[in-house]
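Let me begin by presenting the structure, written as C-alpha cells, before commenting on it.
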Amino acid sequence: MKEKVIEAINAQIKAEEESSRLYFAMANWCDTHGFPGSAAYLYIHADEERMHMIKLVHYLNERGAHATTQELEKPQNNWDSLQNVFQDVLTHEQKVTELINNLYEVCMIEKDYLTSNFLQWYMQEQVEEEATAHTVLDKLNLASSSQGGLFHFDKEMESMAKTAAAAPSA
C-alpha cells in the first residue's frame with residue numbers, strides 16, 4: 001500500500017474512534033437528562049462507530065500495512081437541549097461524509113483501486129447515516145412543538161435503539 005493511503009486510513013481510524021467517543025458523550029448526556037431512549041440509541045451508535053474503526057484497522061493490517069493508535073481529542077460533554085444533541089449528530093455525520101470522500105479521493109489519486117472499492121461500503125453507510133440523522137431531527141422538531149412531545153420522541157428513539165440492536169452488524 002502507498003504511504004499516503006495508509007496515512008489517510010489511519011486518520012480515518014482516529015476520526016471513527018472520536019465519533020464513537022462523541023456519541024458516547026451524547027448518550028451519557030441523554031442518560032443524565034431524562035432521555036433514556038435517546039441514550040440507548042446513541043450508545044448503540046457509539047458502538048457502530050467503533051466497529052467502523054475496527055473494520056478499517058483490520059483492512060490495513062490485512063493489506064500488510066499497520067494501523068496506528070493515536071491521541072484523541074476530548075469530545076464535547078454538555079448540550080443545552082436534546083435538539084442540540086441531534087443537530088450535532090447531523091453536523092457530525094456530514095463532517096464524516098466529507099472525511100470519507102477525501103479518503104476516497106486520496107485512493108483515486110494514488111490509484112489504489114482495491115481500497116477505493118473497500119470504501120464503497122463506508123460511502124453507502126454515510127448516505128444512510130445522514131438520512132437517519134435528518135429523519136431523527138425532523139421527528140424531534142415535530143415532537144418538541146407539542147406538550148409531551150419529547151416524551152413520545154424519546155420512546156421512538158428507544159424503539160429505534162431496539163431495532164438497531166437486533167440488526168446484524170456490518
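The values are calculated or read from the model by the stated rules, or taken from the named source; none is laboratory data. Please read all numbers here as calculations on a predicted model, not as lab measurements. Every residue, glycine among them, receives a Cβ derived from its backbone with ideal geometry; neighbour counts consider all protein chains shown. Ligands, DNA and RNA are excluded from the accessible area calculation, which covers all protein heavy atoms including side chains. Shrake-Rupley method; radii C 1.70, N 1.55, O 1.52, S 1.80 Å.
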Subject >> Residues being touching a Gly at 6+ places or on another chain (Cβ under 9 Å) and under 20 Å from Glu93 (Cα atoms) - total across the range 1-50 >> reply: 1
Original post:
Mind checking which residues of the range 40-55 are more than 30 Å from Phe151 (Cα to Cα) and crowded, with 22+ Cβ neighbours inside 10 Å?
Top reply: His52
**OP:** Would you mind telling me which numbered condition in (1) open to solvent by less than 50 Å² (accessible area, probe 1.4 Å); (2) within 19 Å of Leu42 (Cβ to Cβ) Ala131 fails?
**Re:** (1)
Subject >> Among (1) closer than 17 Å to Met160 by Cβ; (2) open to solvent by 30 Å² or more (accessible area, probe 1.4 Å); (3) of a type in the set (A, V, I, L, M) - the single one Val85 does not satisfy >> reply: (2)
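I'd like to check something: does the range 138-157 contain any residue that is within 20 Å of Gln12 (Cβ to Cβ) and either loosely packed, with under 14 Cβ neighbours inside 10 Å or among the aromatic types (Phe, Trp, Tyr) (or both)? Spell out how you get there, then give the answer.
In the first step, residues of the range 138-157 are kept if they are within 20 Å of Gln12 (Cβ to Cβ); the result is none.
No, the range 138-157 has no match at all.
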Original post:
Name the helices (runs of 4 or more DSSP H) wholly within the range 56-170 that hold at least 2 residues that are farther than 17 Å from Ala39 by Cβ and charged (D, E, K, R)?
Top reply: 82-109, 120-143
Subject >> Thr32 modelled with pLDDT under 95, over 13 Å from the mean Cα position of the chain (by Cα) and β-branched (Val, Ile, Thr) >> reply: no
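Hey, does the range 15-29 have a residue that's open to solvent by less than 10 Å² (accessible area, probe 1.4 Å), in a helix (DSSP H, G or I), touching a Leu at 6+ places or on another chain (Cβ under 7 Å) and without any contact (Cβ under 8 Å) to a residue 40 or more places away in the chain?
Within the range 15-29 (the criterion being open to solvent by less than 10 Å² (accessible area, probe 1.4 Å), in a helix (DSSP H, G or I), touching a Leu at 6+ places or on another chain (Cβ under 7 Å) and without any contact (Cβ under 8 Å) to a residue 40 or more places away in the chain), the answer is yes, since at least one residue qualifies.
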Original post:
Scanning the range 88-124 for residues that are over 20 Å from Arg50 (Cα atoms), among the charged types (D, E, K, R) and in contact (Cβ under 8 Å) with a residue 60 or more places away in the chain, which turns out most open to solvent (accessible area, probe 1.4 Å)?
Top reply: Glu110
Original post:
Within the range 117-135, can one find any residue that is aliphatic (A, V, I, L, M) and more than 22 Å from Met26 (Cβ to Cβ)?
Top reply: yes
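Residues checked against (1) of a type in the set (Lys, Arg); (2) in contact with a helix residue (DSSP H, G or I) (Cβ under 9 Å, 6 or more places away or on another chain); (3) touching a residue at least 40 places away in the same chain (Cβ under 8 Å):
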residue	(1), (2), (3)
Glu128	no, no, no
Thr132	no, yes, no
Leu137	no, yes, yes
Ser144	no, yes, yes
Ser159	no, yes, yes
Thr163	no, no, no
Pro168	no, no, no
Original post:
Among the residues of the range 30-39, which ones are surrounded by 20 or more Cβ atoms within 10 Å (Cβ to Cβ) and either touching a Lys or Arg at 6+ places or on another chain (Cβ under 9 Å) or over 14 Å from Met160 (Cβ atoms) (or both)?
Top reply: Gly37
